[in-house]
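A.B. asks: Below you will find the structure I want to go over with you.
FYI, it's all coordinate maths here, none of it is from the lab. Note that the structure is a prediction, hence the values are computed from the model and not measured. With ideal geometry, Cβ positions are generated from the backbone for all residues, glycine too; neighbour counts draw on all protein chains shown.
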Amino acid sequence: MRKLPTVLLVALLAHPGVSIAQDITPPQADPRIQKLVASISEERLSAMVQTLAGFGTRHTLSDTDSPTRGIGAARQWIFDELTKSSPRLQVTFDTHKLARQGRITRNVDIRNVVALLPGKSLRRIYVTAHYDSVNIGEEGQISANTRAPSNTPRPDPQLRRDQDYNADAPGANDNGSGTALTMELARVFAESGIEFDATLAFVLWAGEEQGLIGARAHAMELFKDKVSVEANFNSDIVGNTRGGDGTTDTESVRVYSEGPEDSMSRSLARYIARAAAVYVPSHKVRLMARQDRFARGSDHTAFTQYGFPAVAFRESKEDFSRQHAAKDTVDGVDVRYLAQNARVNAAAVASLALAPPAPVVTNPRGQMMIGRQPSGYDANLRWNASPGASTYRIYWREAWAPDWQHAQVVGDVTEFVLPKLSIDNFVFGIAAVGPNGHESLISAYVPPPRRDPVVKIR
Ligand SMILES: [Zn+2]
């Protein structure tokens with residue numbers, strides 16, 4: 001018999017069968033995170049949404065000279081508020097000198113506002129929202145939704161000749177809600193006194209309404225500079241509870257994530273639902289297995305386009321008639337609901353930022369480190385050690401199931417065998433767990449797509 005590596009033998013002896021596997025148990029609540037979640041202030045959120053709407057418009061091409069109205073005043077206020085909220089935040093403008101393109105109808109400098117909270121490691125978690133607003137006409141977004149299907153493309157309302165970039169676009173909900181949420185999280189995280197492992201980047205994007213321009217310009221640089229980005233929590237339109245169809249929902253939020261089903265974006269989405277169940281059980285996370293709503297988009301897509309895991313938070317009930325119109329006013333934002341969404345974000349961001357990074361399950365050639373050894377019918381899993389991990393937890397589920405069904409803690413090893421469990425019938429994943437009990441995202445073992453050469457025909 002071929003000699004087995006010691007670590008593998010120990011694993012086999014300690015776990016002769018899969019029957020001892022625990023079912024999924026929720027993570028233990030960390031009192032530090034409970035305190036952080038409880039420190040989110042409805043009053044501050046409310047005041048910030050009001051101030052943001054009070055700039056009249058935050059259109060990307062609006063006035064930058066007035067101290068009270070337009071995007072110039074708005075971005076300076078965001079910068080100053082973040083600077084004031086904690087000395088630990090490193091606040092900067094991330095400026096991009098845009099050439100005229102698409103809905104950007106003239107050369108313009110756009111400014112994302114970035115607040116960095118340095119962690120013990122350089123790996124980054126992004127918490128983001130766009131702060132720009134738009135007014136596409138009196139009817140707002142509902143006009144697009146109710147238009148009869150037609151084969152003739154309608155002209156883009158943002159490219160009208162007579163467009164007034166300084167017209168009222170209060171953007172209280174789209175996206176004053178997400179902007180206030182992000183600014184409030186920057187404050188409570190920086191002031192929590194917790195030393196996070198991950199570096200947190202709280203960013204307010206410009207140019208979203210013209211095609212995710214600010215986020216795309218930023219993500220492009222992250223990619224070029226090979227920055228390790230673990231997650232992007234993006235909130236966009238997260239404060240309304242009265243749907244335009246007369247229904248209401250104050251108790252749930254939708255989280256959209258791009259597939260396939262074991263992408264790291266999906267892993268992040270599942271992680272958020274799990275953290276929310278522990279820290280904010282009164283608020284339900286509805287996971288949506290798609291990039292976003294139909295024909296709608298947001299800045300998380302700028303991240304997934306460069307291969308960074310990302311999700312978008314969206315209120316459960318939308319009022320399309322208020323969006324992208326002068327009617328997007330503060331009375332359309334339910335601050336209690338917005339605060340619940342902020343708490344869900346905070347719980348998941350804090351858990352992830354305190355955990356080690358997710359294990360790498362591919363070798364340098366990009367191949368999944370999974371096999372059927374030693375019997376030929378076992379699940380043999382290998383991974384690279386994650387810095388700071390004290391143990392690992394293996395997850396598995398039927399290959400048709402959307403969420404993990406079984407889990408097992410396996411100790412501080414980098415190889416483990418689940419005997420007689422078929423890697424063809426189950427999906428396997430692995431999470432790193434730190435000494436404080438916080439768990440990383442789950443890295444799944446996914447068969448790569450086959451890339452065969454084209455068949456040669458004579
Ligand atoms: Zn938006």
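A.B. asks: Against the longest principal axis of the chain, how steep is helix 335-354, in degrees 0 to 90 to the nearest 10, with axes from Cα atoms?
C.D. replies: Approximately 40 degrees, to the nearest ten.
A.B. asks: Out of residues 5 or more away from residue 379 or on other chains, whose amide H comes under 5 Å of its own, with H placed 1.01 Å from N in the peptide plane?
C.D. replies: Answer set, sorted by chain and number: 418, 420, 421.
A.B. asks: For the range 169-176, what does the Karplus curve 6.51 cos²θ - 1.76 cosθ + 1.60, with θ = phi - 60°, yield as ³J(HN,Hα) per residue in whole Hz, taken in order and with x for Gly and Pro?
C.D. replies: Going residue by residue, I get 9, x, x, 5, 8, 10, 9, x Hz, with x marking Gly and Pro.
A.B. asks: Let me ask another. What is the Cα radius of gyration of the range 351-394 over 2.2 N^0.38 Å, N being its residue count?
C.D. replies: Values: Rg = 12.7 Å, N = 44, 2.2 N^0.38 = 9.3 Å.
Normalised by 2.2 N^0.38 Å, the Cα Rg of the range 351-394 equals 1.37.
A.B. asks: Any idea what angle helix 178-190 forms with the longest principal axis of the chain, computed on alpha-carbon atoms, 0 to 90 degrees, nearest 10?
C.D. replies: 60
A.B. asks: More than 17 Å apart: what percent of Cα pairs in the range 296-349 qualify?
C.D. replies: Here the long-distance tail beyond 17 Å is 55 percent of all Cα pairs in the range 296-349.
A.B. asks: While we're on this one: Calculate one ³J(HN,Hα) per residue across the range 119-129 by plugging θ = phi - 60° into the Karplus curve 6.51 cos²θ - 1.76 cosθ + 1.60, and present them in order as whole Hz with x for glycine and proline.
C.D. replies: Residue by residue, the range 119-129 yields x, 6, 10, 8, 4, 10, 10, 9, 10, 9, 6 Hz.
A.B. asks: How many angstrom lie between the C-alpha centres of the range 401-450 and the range 251-314?
C.D. replies: The distance from the Cα centre of the range 401-450 to that of the range 251-314 comes to 21 Å.
A.B. asks: Let me know the shape class of the range 204-335, please: from the alpha-carbon gyration tensor, a ≥ b ≥ c as square roots of the eigenvalues, rounded when a/c is under 1.5, otherwise prolate if a/b is greater than b/c, or oblate.
C.D. replies: oblate
A.B. asks: Would you please give the FRET efficiency between residue 401 and residue 64, computed as 1/(1 + (r/R0)^6) with r the Cβ-Cβ distance and R0 = 60 Å, to the nearest 0.05?
C.D. replies: The computed FRET efficiency comes out at 0.70.
A.B. asks: How big is the gap, in Å, between the Cα center of the range 165-201 and the Cα center of the range 88-145?
C.D. replies: 12
A.B. asks: Go through 397-404, 336-343 and give me the packing order, highest mean Cβ count within 10 Å leading.
C.D. replies: So the peptides 397-404, 336-343, ranked by packing, come out 336-343, 397-404.
A.B. asks: Okay, next question. Which net charge results for the neighbourhood of residue 37, defined as the other residues with beta-carbon distances under 12 angstrom from its beta-carbon, given Lys and Arg at +1 and Asp and Glu at -1?
C.D. replies: Details: positive: 32, 35, 343; negative: 30, 184.
After counting each charged neighbour, the total is +1.
A.B. asks: Moving on. Could you give the length gained on full extension between residue 43 and residue 331, defined as 0.36 nm per residue of separation minus the Cα-Cα distance, in nm?
C.D. replies: Values: separation 288, 0.36 × 288 = 103.68 nm, distance 1.47 nm.
Stretched fully, the residue 43-residue 331 segment lengthens by 102.2 nm.
A.B. asks: Moving to a separate point now. Do any of 84/224; 120/226; 97/327 go past 24 Å between their Cα atoms, and which?
C.D. replies: The answer is 84/224; 97/327.
A.B. asks: Just the C-alpha atoms of the chain: what Rg/Rh do they give, with Rh taken as the Kirkwood radius? Mind dumping the intermediate values first?
C.D. replies: Values: Rg = 23.6 Å, Rh = 23.3 Å.
When Rh is taken as the Kirkwood radius, the ratio is 1.01.
A.B. asks: When ranked by the protection proxy of mean other Cβ atoms within 10 Å per residue, highest first, what sequence do the peptides 94-106, 418-430, 71-83 form?
C.D. replies: So the order, starting with the most tightly packed, is 71-83, 418-430, 94-106.
A.B. asks: Around residue 276, what is the net charge, scoring Lys/Arg as +1 and Asp/Glu as -1 over all other residues with Cβ under 9 Å from its Cβ?
C.D. replies: +3
A.B. asks: Moving to a separate point now. Between residue 415 and residue 138, take the C-beta separation as r, use R0 = 60 Å, and let me know the FRET efficiency to the nearest 0.05.
C.D. replies: Working: r = 63 Å, r/R0 = 1.06.
Result of the calculation: an efficiency of 0.40.
A.B. asks: Angle check, please: helix 42-53 long axis (alpha carbons) against the longest principal axis of the chain (alpha carbons), in degrees 0 to 90, nearest 10.
C.D. replies: 50
A.B. asks: Step through the residues of the range 433-443 one at a time and calculate ³J(HN,Hα) from phi using the Karplus curve (6.51 cos²θ - 1.76 cosθ + 1.60, θ = phi - 60°), rounding each to whole Hz and writing x for Gly and Pro.
C.D. replies: 10, x, x, 8, x, 6, 10, 6, 4, 8, 8
A.B. asks: Still on this structure: Using the Cβ atoms and a cut-off under 15 Å, what net charge is assigned to the surroundings of residue 159, where Lys and Arg are +1 and Asp and Glu are -1?
C.D. replies: So the environment of residue 159 carries a net charge of +2.
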